[in-house]
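The values are calculated or read from the model by the stated rules, or taken from the named source; none is laboratory data. Only a predicted model underlies this, so the values are computations on that prediction, with no experimental measurement involved. Here Cβ is always computed from backbone atoms with ideal geometry, including for glycine, and neighbour counts include all displayed protein chains. To get the accessible areas, we keep the full protein, side chains included, count just its heavy atoms, and leave off ligands, DNA and RNA. Shrake-Rupley method; radii C 1.70, N 1.55, O 1.52, S 1.80 Å.
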Amino acid sequence: MTPKTLRRAVEALDSFKVETPSWGFADTGTRFGKFFQDAAAIDMNDKLADAGQVHALTGCCPTVAVHVLWDFVPGQDPKKVTRQARQHGVKIGSINPNVFQDQCYKWGSFGNNDPKVREQALQHCFDSVAIMKATGSEYLSLWFADGISYPGQGSIRERKGHFTECLKALHKQLGPKQTMLVEYKPFEPAFYATDIADWGMACLLAKKAGSRAKVLVDTGHHYTAQNIEQIVAWLLDEDMLGGFHFNDRRYADDDLTLGSIDPYQAFRIFHEIHCFASDSGRMPKIAYMIDQSHNEKSKVEATIQTVVMAQELYAKAAIVDHDALRRAQAKNNVIDAELVLKKAFFTDVAPALAAFRKRHQLPADPLAEHRRQGYEKKAAADRNRRRKAMGIVRGGSYA
Ligand code: AFD
Ligand code: MN
Ligand code: MN
């Protein structure tokens, strides 16, 4: 790295923050089964302790995304969770309503043809906005499982109308410093027509909802051949990019750790953002968040791995020589233009990560330090003991 690229990379790392998901620390699985981990978080305090450990080691994860119903049991004071977060050195970040698990949502939430169910889903989202006010959260992160699985099952346009009305009503509840993020997903659990299936639908719905609604790009929510960075560039240009849910995927919404399958794609996404900032002279406000579930990998280690990978790819994208790129593009020098990106992508940014960590008194190798501390072993022993005392029995045969 030259002194100039080192400086650019460290400056980028200083400004890069990524939010960890509370649900990434708890027991999860697939629709084929759950495989439990001894160190999996039992309750919100455990999740915040794990998130605190990731932030203490990486220095760039000050906030934790939480899921209403999973993390805020009805009647629990959100301010208590806010205090717990502070005790672990983190803050509550985005609030994720849950309008996809209750039995009443079998035929959808905002897209349901029963106005009473739509009302119930809307009320849950209003309650989630109230939680935002208590936790001081800036983002309401909306994902809907809504859709139809068979041709003819429902009216696509009618459902679009219901979503438009509900998102508009929800937008009215937001405070001046709050933003709602509309997430899209092509399929799963609906398998014929998901109501918010792509970035265009999310963008149109967000625009109709109001000025504090933006689009959330979950990197796992695209068909295999889709060019995600092209979507990101369009949303940036429309000032409609609200944030990301980062994960990697081989086939669909696999929720694998970022960069485990295609690190170059994540680099290209970050490149579009740095390129926009270079062209426009301003870095847009973007909520970088992780949305992964760790079934094979141990949860805190997988989260540390993801965060370090995100930092590395963000720093690589930050050192692209935009002037050289523009010159090559102006002359249609295809290979030279491509080599500008490749040069940055293949630059070893370890010196910048080392300088960033030294500047912030962080361990040189966060994962090694986590293992040296024996955090996981201690957490497993503590949580197994508590599960036993609480009479929690997990697992059991498939039958
Ligand atoms: C699932 C959904 C979506 C959502 C996340 C958290 O596919 O990505 O953001 O759960 O609710 O992964
Ligand atoms: Mn997501
Ligand atoms: Mn997902």
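Run down THR257, THR219 and say which single residue is polar (S, T, N, Q) and within 11 Å of ligand 1 (Cβ to nearest atom). THR219 is the lone residue from the list that is polar (S, T, N, Q) and within 11 Å of ligand 1 (Cβ to nearest atom). For the range 1-47, filtered to residues that are among the polar types (S, T, N, Q) and in contact with a helix residue (DSSP H, G or I) (Cβ under 7 Å, 6 or more places away or on another chain), the residue that is farthest from PHE345 (Cα to Cα) is ASN45.
Listed residues HIS88, HIS67, HIS55; which is free of Cβ contacts under 8 Å to residues at least 60 places away in the same chain, under 19 Å from the mean Cα position of the chain (by Cα) and over 18 Å from GLU312 (Cα atoms)? Let's see the steps before the verdict.
Working: HIS88 fails: under 19 Å from the mean Cα position of the chain (by Cα); HIS55 fails: over 18 Å from GLU312 (Cα atoms).
Answer to the selection: HIS67.
Taking the criterion of being open to solvent by less than 10 Å² (accessible area, probe 1.4 Å), outside any helix (DSSP H, G or I) and not hydroxyl-bearing (Ser, Thr, Tyr), the residues of the range 217-237 that qualify are VAL217, ASP218, GLY220, HIS221, HIS222.
Report whether or not PRO186 is assigned to a loop (DSSP other than H, G, I, E, B), open to solvent by 10 Å² or more (accessible area, probe 1.4 Å) and within 15 Å of ligand 1 (Cβ to nearest atom). Yes.
For LYS214, the requirement of being over 28 Å from PRO366 (Cβ atoms) and either basic (Lys, Arg) or within 13 Å of ligand 1 (Cβ to nearest atom) (or both) is met. In the set (1) touching a strand residue (DSSP E or B) at 6+ places or on another chain (Cβ under 7 Å); (2) open to solvent by 20 Å² or more (accessible area, probe 1.4 Å); (3) within 13 Å of ligand 2 (Cβ to nearest atom), LYS214 fails one condition alone, (3).
So VAL393 clears everything in (1) β-branched (Val, Ile, Thr); (2) part of a helix (DSSP H, G or I); (3) out of contact with any strand residue (DSSP E or B) (no Cβ under 9 Å at 6 or more places or on another chain) except one condition, right? Which one? Among (1) β-branched (Val, Ile, Thr); (2) part of a helix (DSSP H, G or I); (3) out of contact with any strand residue (DSSP E or B) (no Cβ under 9 Å at 6 or more places or on another chain), VAL393 violates only (2). For the range 254-313, give me each residue that is in contact with a helix residue (DSSP H, G or I) (Cβ under 9 Å, 6 or more places away or on another chain), part of a loop (DSSP other than H, G, I, E, B), closer than 25 Å to ASN96 by Cα and open to solvent by 40 Å² or more (accessible area, probe 1.4 Å). Selection gives GLU296, LYS297. Considering only residues that are in a loop (DSSP other than H, G, I, E, B) and within 16 Å of ligand 3 (Cβ to nearest atom), look in the range 238-253 and name the one that is most open to solvent (accessible area, probe 1.4 Å). Among those that are in a loop (DSSP other than H, G, I, E, B) and within 16 Å of ligand 3 (Cβ to nearest atom), it is TYR251.
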